[in-house]
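Enquirer: Sending over a structure as structure tokens; questions will come in a sec.
Every read-out reported here was derived from the displayed coordinates using simple, explicitly stated rules and does not represent laboratory data. For clarity, every value in this text was computed on a predicted model and none was experimentally measured. Quick reminder, even Gly has a Cβ in these numbers, built from the backbone with ideal geometry, and neighbours come from all protein chains shown.
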Amino acid sequence: MAQKCSVSLLALSLCLLAWEVVADVSVDMVGDTEVYKGESAQIRCQYTFTKNTSTIMVQWFVNDHRGKRVRISYSDLNMQKLDEGTNYTERISVSGDAGGENLTIVNVELSDEREFFCQVNGLSAGNKEGRFDLKVFQPPEHPVIEPVHSGVSVTNALPSKIATCETRKGFPQPNITWYRNHKPLHHENGQVHVLTLLTKDSTGLVTVQSELQYKVTKQDKDAHFFCEVSYFVPGAVRTIESKKVNISIHYPTTKVEMWRVSPEGLVKEGDTVEIRCQGNGNPPPAVKFSREQHPDVDLTAVNGLLVLKGVTRGDSGKYLCHSLDLTQADNKKVVGELSFTVHFLDPAVVVPKDSEEMQKGESLIASCNAMSSLQTNIVWSKNGEEIQKGNVLSLQDATFDTAGHYHCEVTVPSLPGLHTSGSVHIIVNGAPQSRDVMKEVDMEEKVGKWVNLTCDMRGYPRPTVMWNITGSPDWREVLRKETEDSVQSTMTLKVTKDTVATCNASNNMGVENKSFTIKSIPIVPTAERNIAADNSGVIIVVIVVSILLLALGGSVLYFLYKKGKLPCGRSGKQEIINPFSSKEKNNKDEIVVEMKANKTEESGLLQGVNGSKKPPSDQYTANNMERS
């Protein structure tokens with residue numbers, strides 16, 4: 001049975017809350033339970049009564065930060081009202097229908113993550129309250145990782161700071177996990193320790209800072225570290241990784257390595273040798289160089305590089321490199337070693353030295369040697385041509401051609417940069433000897449012509465060469481070439497008559513001669529040559545004219561015979577008379593042509609039969625033909 005209540009609305013509401021009714025009502029809360037910050041959220045309050053009611057009141061409440069319930073909306077069948085002065089007055093709207101009401105919140109804030117209440121009152125039909133939890137999310141910013149730049153030493157007894165990772169302005173609180181080469185790092189006493197710091201701004205967004213402390217080893221010098229941030233979103237959990245960083249790991253030197261930078265291959269005297277030394281510690285330790293013979297004497301080096309300029313064989317041996325790593329455990333010294341040999345080739349020694357005299361027909365043995373740290377190769381040459389291999393040069397049965405400079409070249413096949421050389425000058429003593437095979441030369445030259453005569457003599461000591469001329473007096477020497485054991489003399493001579501020129505060569509060993517016999521050819525005068533040439537031309541013209549006259553005479557006789565002017569038959573045979581011959585001639589005449597090459601122009605006329613001269617007219621014709 002219901003209690004009697006005041007008629008006022010407020011009293012009625014308070015009374016209904018405490019009033020037990022038998023009537024049944026159901027309330028369901030549905031809608032957006034998880035939303036991103038800044039978006040809109042909609043919550044629906046659905047109610048159902050088991051019996052009809054004429055009055056339905058719906059009220060929306062929230063809990064404030066002190067846990068006190070605050071109403072934000074009220075409605076019944078006749079009105080809809082938003083409460084003034086709340087955080088939701090400007091951000092919510094309420095709409096209703098026959099089955100319930102919808103509460104819409106725009107520009108959701110982090111403070112909206114709270115419990116919402118929907119209270120439904122149907123008076124005598126009953127009342128009930130529904131609850132709804134709203135979750136708000138804000139993804140954090142990309143994580144920023146900052147490694148330790150000073151480096152971490154493996155000698156530290158406790159875990160050392162490796163890096164920090166920060167992710168800002170996320171909600172709810174993001175989580176940070178550390179990785180080494182994709183393997184997660186979890187807390188481990190004495191090995192791994194993670195410190196986390198949370199801060200929240202005025203809007204409620206959370207910033208997470210995480211510091212990784214890790215006990216490093218030498219194997220971590222190539223490892224990569226990174227952090228992973230996991231955060232919540234509506235209906236899921238997402239992750240994002242930072243960039244990967246490498247940590248400079250400091251560890252003591254346990255080994256020193258030495259190597260020769262230059263030169264490559266074998267080392268020879270005069271080279272510049274560069275030796276590099278480096279310890280395997282990090283950071284690389286300072287080093288110092290010394291020699292095994294004097295370990296306490298430091299050699300000057302810069303940044304682990306020792307430079308030896310112009311090395312000699314005395315620089316051969318073992319070199320030491322000492323590590324000066326101050327972090328070395330127990331101050332244990334680590335030393336590296338490197339040995340090399342400086343190869344050499346001494347100057348060549350030739351025996352006999354400088355020069356040697358020989359007699360023609362003698363033999364000589366010369367040698368060439370050079371001290372070297374490597375196998376050598378020796379070649380003898382003369383005038384640029386190789387003549388013999390090996391350190392011994394054998395000269396047999398000497399001639400003048402044996403004389404000259406002999407050069408020996410000493411090389412090292414395994415080290416081409418090493419080479420030396422020497423030489424010996426061979427002199428062959430002998431009487432003068434002509435280089436030409438012919439010692440007597442016969443010549444024919446025209447009178448007045450200049451001719452060159454050359455005398456080439458060889459001998460040692462160098463012979464004296466002189467000319468002796470019998471005949472043409474006009475001559476002079478125009479060229480003389482002298483070497484250590486030869487003389488070449490060239491003289492020019494004008495031929496005027498038969499001449500004998502003799503070249504005399506002599507030294508203290510003997511004498512050699514060469515002679516030139518010149519037969520002179522007289523010169524023919526120019527006028528006689530022209531007359532002979534003119535007569536020859538006249539004779540040719542006379543022969544041609546004679547042949548033409550004979551042909552013409554034969555033609556006339558043949559013509560008279562055809563006309564019957566000449567008798568025919570043996571009984572009437574008459575002698576054919578040449579119409580061009582003299583009438584006094586009754587006997588058979590002959591045509592005679594005389595060719596006189598040495599006559600003068602006046603006597604060069606063509607002679608007729610029996611020596612008679614041609615008529616002036618014929619002579620004139622012949623002369624004209626000759627001129628043409």
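Enquirer: Apply the Karplus curve 6.51 cos²θ - 1.76 cosθ + 1.60, θ = phi - 60°, to the phi angles in the range 409-418 and return the couplings in whole Hz, x for Gly and Pro.
Expert: Taking θ as phi minus 60°, the curve returns 10, 10, 10, 10, x, 7, 9, x, x, 9 Hz for the range 409-418.
Enquirer: If you average 1/r over all unlike Cα pairs in the range 233-387 and invert the result, what Kirkwood radius do you get in angstrom?
Expert: So the Kirkwood estimate lands at 21.0 Å.
Enquirer: When the distances between all Cα atoms of the range 133-283 are binned every 5 Å from zero, what whole-number percent does each bin get?
Expert: Spelled out per bin, shortest first, that is 2, 8, 15, 15, 13, 10, 8, 7, 5, 5, 4, 3, 2, 2, 1, 1, 0, 0, 0.
Enquirer: Continuing with this model, one more query. Net charge near residue 111, counting Lys/Arg +1 and Asp/Glu -1 over other residues with Cβ under 15 Å of its Cβ?
Expert: -2
Enquirer: For residue 446, list the aspartates and glutamates whose Cα falls under 14 Å from its own Cα; do not include residues on the same chain fewer than 8 positions away.
Expert: Correct list for residue 446: 498.
Enquirer: Another question, if that's okay. How many Å³ per residue does the convex hull of the Cα positions in the range 435-521 occupy?
Expert: In the range 435-521, the Cα hull volume divided by residue count equals 74 Å³.
Enquirer: I've got another one for you. Would you please calculate the Kirkwood hydrodynamic radius of the range 256-343 over all C-alpha pairs and express it in Å, rounded to one decimal?
Expert: With all distinct Cα pairs of the range 256-343 included, I get 13.4 Å.
Enquirer: I would also like to ask the following. Quick query: amide H of residue 356 versus all other amide H atoms, modeled in the peptide plane; which residues come in under 5 Å with a sequence gap of 5 or more or a different chain?
Expert: 425, 426, 427
Enquirer: Treating the range 9-137 as a set of equal point scatterers at the Cα positions, no solvent, please give the Debye-formula log₁₀ I(q)/I(0) at q = 0.09, 0.14, 0.15 Å⁻¹.
Expert: Result of the Debye calculation: -0.25, -0.61, -0.69.
Enquirer: Moving on to the next point. Measure off 7 Å from each Cα along the Cα-to-Cβ vector at residue 224 and residue 98, then give the distance between these two points in nanometres to one decimal.
Expert: 6.5
Enquirer: Over 19 Å between Cα atoms: which of 353/382; 481/514; 268/382; 221/255 fall into that group?
Expert: 268/382
Enquirer: Separation of the range 53-92 and the range 245-285 by C-alpha centroid, Å?
Expert: 81
Enquirer: Let me ask another. How charged is the neighbourhood of residue 437? Take every other residue with its Cβ under 14 Å from the Cβ of residue 437, and add Lys/Arg as +1 and Asp/Glu as -1.
Expert: 0
Enquirer: Within the set of other residues whose C-beta is less than 15 Å from the C-beta of residue 238, count the net charge using Lys and Arg as +1 and Asp and Glu as -1.
Expert: -4
Enquirer: Using θ = phi - 60° and the Karplus curve 6.51 cos²θ - 1.76 cosθ + 1.60, what whole-Hz ³J(HN,Hα) does each residue of the range 157-168 get, with Gly and Pro shown as x?
Expert: 6, 10, x, 10, 5, 9, 6, 10, 9, 9, 10, 10
Enquirer: Once amide H atoms are built 1.01 Å from N in the peptide plane, which residues 5 or more positions from residue 418, or in another chain, come under 5 Å H to H?
Expert: Result for residue 418 returns 412.
Enquirer: Write down the Å³ per residue value for the convex hull defined by the alpha carbon atoms of the range 349-425.
Expert: Taking only Cα atoms, the range 349-425 has a hull volume of 79 Å³ per residue.
Enquirer: Measuring from label point to label point, each 7 Å out along Cα→Cβ, what is the residue 397 to residue 509 span in nm?
Expert: Using points 7 Å along Cα→Cβ, the separation is 1.7 nm.
Enquirer: Right, something else. Percent of alpha carbon pairs in the range 304-434 separated by more than 17 Å?
Expert: Cα-Cα pairs in the range 304-434 separated by more than 17 Å: 69 percent.
Enquirer: Apply the Karplus curve 6.51 cos²θ - 1.76 cosθ + 1.60, θ = phi - 60°, to the phi angles in the range 500-514 and return the couplings in whole Hz, x for Gly and Pro.
Expert: So the J values, rounded to whole Hz, are 10, 10, 10, 9, 10, 10, 8, 9, 6, 9, x, 10, 9, 10, 9.
Enquirer: Would you kindly calculate the translational diffusion coefficient of the range 129-214, applying Stokes-Einstein with the Kirkwood radius from alpha carbon pairs, for 25 °C and a viscosity of 0.890 mPa s, and quote it in µm² s⁻¹ without decimals?
Expert: 165
Enquirer: With a Förster radius of 45 Å, plug the Cβ-Cβ distance of residue 449 and residue 550 into 1/(1 + (r/R0)^6) and report the FRET value to the nearest 0.05.
Expert: Taking R0 as 45 Å, the efficiency between residue 449 and residue 550 is 0.35.
Enquirer: Here's another thing I want to ask about it. If you rank 123, 103, 305 by fewest surrounding Cβ atoms within 10 Å, what's the result?
Expert: 305, 123, 103
Enquirer: Per-residue counts of other Cβ atoms within 10 Å, averaged by peptide: what ranking do you get for 110-116, 460-466, highest first?
Expert: For the peptides 110-116, 460-466, the packing ranking is 460-466, 110-116.
Enquirer: Then there is this: Could you list 318, 37 in order of exposure, starting from the residue whose Cβ has the fewest other Cβ atoms within 10 Å?
Expert: 318, 37
Enquirer: Using only Cα atoms, what is the ratio of the radius of gyration of the range 65-187 to 2.2 N^0.38 Å?
Expert: For the range 65-187, the normalised Cα radius of gyration is 1.84.
Enquirer: Please list, in chain and number order, the residues 5+ apart from residue 388 or on another chain whose amide H is under 5 Å from its amide H, with Hs placed from the backbone.
Expert: 380
Enquirer: Aspartates and glutamates within cross-link reach of residue 494: Cα-Cα under 19 Å, excluding same-chain residues under 8 positions apart?
Expert: Cross-link targets: 442, 444, 445, 474, 477.
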